[in-house]
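Below is one structure, written out as structure tokens; comments come after it.
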Amino acid sequence: MSGNITFTMIKPDAVKAGHIGNILAKINGAGFQIIAMKYTKLSAEKAGEFYAVHKERPFYGELVEFMSSGPIVAAVLKKENAVADFRELIGATNPAEAKEGTIRALYATSIGENAVHGADSDENARIEASFHFAGTEMFE
Ligand code: CMP
């Protein structure tokens with residue numbers, strides 16, 4: 001695969017607020033190619049597994065409950081420097097600290113309900129992409 005991939009989820013808050021279309025337009029406008037995508041809902045068990053690295057954090061229970069509270073959009077994105085460029089596009093985890101024009105500054109309401117997820121490394125992007133998609137569900 002030429003170029004790098006990253007993994008994203010449009011979280012339940014942004015889906016519920018009707019921001020799927022606007023967020024996908026920002027993603028395409030920033031030059032990312034969507035190579036896999038699904039509209040789905042995580043069970044509490046699956047959300048817990050996805051965020052297992054945060055198991056010891058005080059917000060883990062809240063995070064799992066929120067991420068399984070409604071449908072999400074999961075997607076794999078391709079672009080040169082995908083992980084870093086996508087984190088730039090979405091802005092800081094806490095929307096109060098996110099730069100103007102970033103997806104979180106535009107659509108997130110709090111650090112917990114922050115509209116989108118973005119993988120934090122190439123390795124995690126691959127792990128998270130394969131958590132949600134089989135190889136046969138990714139198309140370049
Ligand atoms: P995300 O990029 O999906 O990765 C882990 C998530 O944990 C993060 O976005 C936040 O939504 C959530 N998170 C991080 N810090 C806190 C916090 N202090 N309180 C609640 N949720 C948090």
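The values are calculated or read from the model by the stated rules, or taken from the named source; none is laboratory data. This one's a predicted model, so the numbers in the text were calculated from it and none came from an experiment. A quick note on method: Cβ atoms are made from the backbone with ideal geometry, for glycine too, and the neighbour counts reach across all protein chains shown. For the accessible areas, the whole protein counts, side chains as well, though only heavy atoms, and no ligand, DNA or RNA atoms are used. Shrake-Rupley method; radii C 1.70, N 1.55, O 1.52, S 1.80 Å.
Let me check something: with ligands and nucleic acids excluded, how do ASP13, ASP120 order by accessible area (1.4 Å probe), largest to smallest? Intermediate results must be reported in sequence, preceding the final value.
Values: ASP13 20, ASP120 95 Å².
In descending accessible area the options line up as ASP120, ASP13.
Around ILE35, which amide H atoms from residues at least 5 apart in sequence, or from another chain, sit under 5 Å from its own amide H, with H modelled in the peptide plane?
HN-HN under 5 Å from ILE35: VAL76, LEU77, LYS78.
Counting only residues 5 or more places away or on other chains, whose amide H sits under 5 Å from the amide H of THR109 once H atoms are built in the peptide plane?
Correct list: ALA115.
Short version: ³J(HN,Hα) in whole Hz for each residue of segment 35-41, in order, from phi by Karplus 6.51 cos²θ - 1.76 cosθ + 1.60 (θ = phi - 60°), x for Gly and Pro, what are they?
Working through the residues one at a time gives 9, 7, 7, 8, 9, 8, 9 Hz.
Treating the beta-carbon of each Lys and Arg as +1 and of each Asp and Glu as -1, no other charges, what is the dipole magnitude of the chain about its Cα centre, to the nearest 20 debye? Display every interim value, and only then the final one.
On the way: 14 positive and 18 negative charges, 64 e Å.
About 300 debye.
Can you tell me the order of 52-65, 33-46 when each peptide is scored by its average per-residue count of other Cβ atoms within 10 angstrom, highest first? Show your work: numbers first, answer last.
Details: 52-65: 12.4, 33-46: 15.0.
Ranked from most to least packed, the peptides come out as 33-46, 52-65.
Return the sequence-ordered ³J(HN,Hα) values of segment 42-54 in whole Hz as given by the Karplus equation 6.51 cos²θ - 1.76 cosθ + 1.60 applied to θ = phi - 60°, using x for Gly and Pro.
Whole-Hz 3J(HN,Hα) from phi for segment 42-54: 8, 6, 4, 5, 5, 5, x, 5, 4, 9, 4, 4, 9.
So for the chain, what percent of the C-alpha to C-alpha distances run longer than 28 Å? Could the numbers behind the result be given before it?
On the way: 901 of 9730 pairs.
Considering the chain, 9 percent of its Cα-Cα pairs are separated by more than 28 Å.
Among the listed pairs LYS16/LYS99; LYS55/LYS78; LYS26/LYS79; LYS11/LYS41; LYS11/LYS46; LYS16/LYS55, give every one whose C-alpha distance is greater than 20 Å. Provide the component values of the computation, followed by the final result.
Details: LYS16/LYS99 23 Å; LYS55/LYS78 29 Å; LYS26/LYS79 14 Å; LYS11/LYS41 10 Å; LYS11/LYS46 14 Å; LYS16/LYS55 26 Å.
Flagged as over cut-off: LYS16/LYS99; LYS55/LYS78; LYS16/LYS55.
Per residue of segment 103-118, in order, report the coupling 6.51 cos²θ - 1.76 cosθ + 1.60 (Karplus, θ = phi - 60°) as ³J(HN,Hα) in whole Hz, putting x for Gly and Pro.
4, 5, 4, 7, 10, 8, 10, 7, 5, x, 9, 10, 6, 9, 10, x
222 nm [θ] for the chain, helices only, -39500 (n - 2.57) per DSSP H run of 4+, per residue, to 500?
-10500 deg cm²/dmol
Measure off, as a whole percent, the carbon and sulfur share of the 1.4 Å-probe accessible area of segment 5-76, all protein chains present.
So the carbon and sulfur contribution to the accessible surface is 54 percent.
Quick check for me: using +1 on Lys/Arg Cβ and -1 on Asp/Glu Cβ, what's the dipole size of segment 24-104 about its Cα centre, in debye to the nearest 20?
Working: 11 positive and 10 negative charges, 53 e Å.
I would put it at about 260 debye.
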